[in-house]
Amino acid sequence: MKRLVVVHPILFALFFVLALYSYNVAEVSPSEIVLPISIVLGGTLLLLLLSRLLFRDIRKAGLVVSIFLVLFFSYGHVSGVVENWGITYKVLVPIWALLIVGGGFWAVHTRRGLRKLTRVLNVMAIALVIVPSINITVNEARAASSDPVAAEDTHNGEFHVGETDGLPDIYYIVMDRYASAGTLEEFYDFDNSEFLDYLSNKGFYVAGASKANYLKTHLALASSLNMKYINYLGDELGRDFTDLGRTYQMVEDYEVWRFLKAKGYKFMHFGTDWEPTRKNDYADINVNRGDTPEFSRTLLRTTMLYPLALDTPQITLWLDGLPSWLKAPFVGGFRQGKWDRILYKFDQLADVPHTKEPTFVFAHMLITHPPFVFDEDGGYRSEEEAKGNTREANYVDQVLFANDKLRSLIDHLISDSDVPPIIILQADEGPFPVRYALDEFDFRWDEATEEELREKMGILNAIYLPEGDTSVLYPSISPVNTFRVIFNRYFGTDLELLPDRSYAFASQRYQYDLFDITDKLTPN
């Protein structure tokens, strides 16, 4: 009788990684799945080998491993559904453990022949792997065949550089989703004037009518860091193009750092746990902590290991020898990891003035971005505690604590700098409206109300210039013009200011299909 190869455990393991990648293929680069696939396949082969030695039957071993893998990787998906019914991980994990034990017991003790079942499972697993593979192949082929986009000139000819002695440090601190004063008052019933008055008294120009240029971070940063609107990507790539890799590249390799690097600046990048800003290979120094790659972290959230990454006590004894990227999700959990990372970055930012060379700092800060992990005083807020508050109360607490940290940081940056610095305190986007949060993928921005657009596009934008010359700034200045103004004022460039416009896309799927919403945004 022809020997039947047992491949379904390996294919099932591969399927769960490929399915997640296929769903997020527009936002994840192929390199990000290499490590997860290696770990998952290596672990599966080890389990299969141990089971084969234990049960002395490869078909039973394969069945046991497949039952375990399906339940192990489906946990997070089921958990997301039953949480709405009030069933927490404290109930679901024991149920899942019993299913694994029960399924394994049946597989080992069944007297039925497993040859036919093995053949069916092999075919099923092959079919499951083929489905996401087709989508991935089509998307990657289209991305690879797209013509390179020529960079648009943001200046006339060469940069004309003036005096370079005594260059100021430049801090571009992006407070992700930090809303404007008008948005906070209208939608969150919060008066932020105390903090804005502090900024004004310190010498900041607060652009009270500033709006985001785009409603998603990758678009907004690709625009502000390259000092141009990026709507042309839709024309050159296609408005139905779904791969976001081009804007992700523009967030890492951008004109601002290249210009400043050529002038003698050191480049410091303060990263997040979001892949496009997790680290920057062009930076002289990367500052981050617990920077587990986003895809690996998302995959982990689908597994039975996810409860360990919630709010469990730190598990350090057996993890001490592991690399930081593997240890980070389990030590204190995802939420505590974010809490610790933000505090660490604020501390490190305060030390930058002691750097000898003039320094350009890009710091992406997710303190006012969900999940909300701070209380008003900066203490850690667990997921359970956050669920006990309203969305608005959680958000305002993040703003209050962010204000405290920013006051302390700004005082340090100004007082400890030998040359007065340039400080840009700016949001890339505002908070998402409630309807969007309920159904991100199917939300239609072309059908959004003016109130929803105002909530999303109103941003904090405050700029500190060394000599206090704010005549070059104006209330509605938007991020796309930030470095145009600064380079003109301090480096003698002659960059034309662009109209301050705001753009949205209709569908989350087609983010290059942009349309102008400026006229729908009344001042707030």
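Just checking, does segment 164-172 include any residue being open to solvent by 50 Å² or more (accessible area, probe 1.4 Å), in contact with a Gly (Cβ under 7 Å, 6 or more places away or on another chain) and modelled with pLDDT under 90? Before the answer, list the steps.
From segment 164-172, those open to solvent by 50 Å² or more (accessible area, probe 1.4 Å) are 164-166; that's our starting set.
From the residues that got through so far, the ones that are in contact with a Gly (Cβ under 7 Å, 6 or more places away or on another chain) too are 164.
Okay, now just the ones that are also modelled with pLDDT under 90, so 164.
There is at least one residue in segment 164-172 that is open to solvent by 50 Å² or more (accessible area, probe 1.4 Å), in contact with a Gly (Cβ under 7 Å, 6 or more places away or on another chain) and modelled with pLDDT under 90.
Somewhere in segment 437-460, is a residue under 30 Å from Gly203 (Cα atoms) and among the small types (Gly, Ala, Ser)? Even if it seems obvious, please write down each step before you answer.
Keep residues of segment 437-460 that are under 30 Å from Gly203 (Cα atoms), which gives 454-460.
From what is left, the residues that are among the small types (Gly, Ala, Ser) are 458.
Looking through segment 437-460, at least one residue is under 30 Å from Gly203 (Cα atoms) and among the small types (Gly, Ala, Ser).
Applying the selection to segment 229-242, what residues are surrounded by fewer than 22 Cβ atoms within 10 Å (Cβ to Cβ) and closer than 22 Å to Val174 by Cα?
Those that are surrounded by fewer than 22 Cβ atoms within 10 Å (Cβ to Cβ) and closer than 22 Å to Val174 by Cα: Tyr229, Asn231.
Determine whether Thr88 is open to solvent by 50 Å² or more (accessible area, probe 1.4 Å) and under 24 Å from Arg301 (Cβ atoms).
Working: open to solvent by 50 Å² or more (accessible area, probe 1.4 Å): yes; under 24 Å from Arg301 (Cβ atoms): yes.
So Thr88 fits the description; yes.
Given the residues Lys266, Lys228, which is the only one that is of a type outside the set (Phe, Trp, Tyr), over 26 Å from Ile517 (Cβ atoms) and in contact (Cβ under 8 Å) with a residue 60 or more places away in the chain?
Values: Lys228 fails: over 26 Å from Ile517 (Cβ atoms).
Just one listed residue meets the conditions, Lys266.
Could you check segment 372-408 and list, in sequence order, the residues that are surrounded by 14 or more Cβ atoms within 10 Å (Cβ to Cβ) and not in a helix (DSSP H, G or I)?
Result: Phe372, Val373, Phe374, Asp375, Glu376, Gly378, Tyr380, Arg381, Ser382, Asn389.
Any residue at all in segment 483-497 that's under 21 Å from the mean Cα position of the chain (by Cα) and modelled with pLDDT of 95 or more?
Checking segment 483-497: not a single residue is under 21 Å from the mean Cα position of the chain (by Cα) and modelled with pLDDT of 95 or more.
Please go through segment 205-228 and give me each residue that is touching a strand residue (DSSP E or B) at 6+ places or on another chain (Cβ under 8 Å), over 20 Å from Glu455 (Cβ atoms) and open to solvent by 10 Å² or more (accessible area, probe 1.4 Å), ordered by number.
Tyr205
Please work out which residue is farthest from the chain's Cα centre (by Cα), limiting yourself to segment 205-225 and to residues that are of a type in the set (S, T, N, Q) and closer than 30 Å to Val138 by Cα. Can you show your working first?
Taking segment 205-225 first, the residues of a type in the set (S, T, N, Q) are 210, 213, 217, 223-224.
Next cut, closer than 30 Å to Val138 by Cα only: 217, 223.
Working: Thr217: 8, Ser223: 17 Å.
My answer is Ser223.
Looking at segment 416-524, what strands (runs of 3 or more DSSP E) fall wholly within it and have at least 1 residues that are closer than 30 Å to Asn24 by Cα and either in contact (Cβ under 8 Å) with a residue 24 or more places away in the chain or open to solvent by 50 Å² or more (accessible area, probe 1.4 Å) (or both)? Even if it seems obvious, please write down each step before you answer.
Working: elements: 422-426, 461-464, 503-505, 514-516.
Per the criteria, 422-426, 503-505, 514-516.
The values are calculated or read from the model by the stated rules, or taken from the named source; none is laboratory data. Since this is a predicted model, take the numbers as computed values, not measurements. Because the Cβ atoms are built from the backbone with ideal geometry, glycine has one as well, and the counts that use them run over all protein chains shown. The area values use the complete protein model at the heavy-atom level, side chains included, leaving out ligands, DNA and RNA. Shrake-Rupley method; radii C 1.70, N 1.55, O 1.52, S 1.80 Å.
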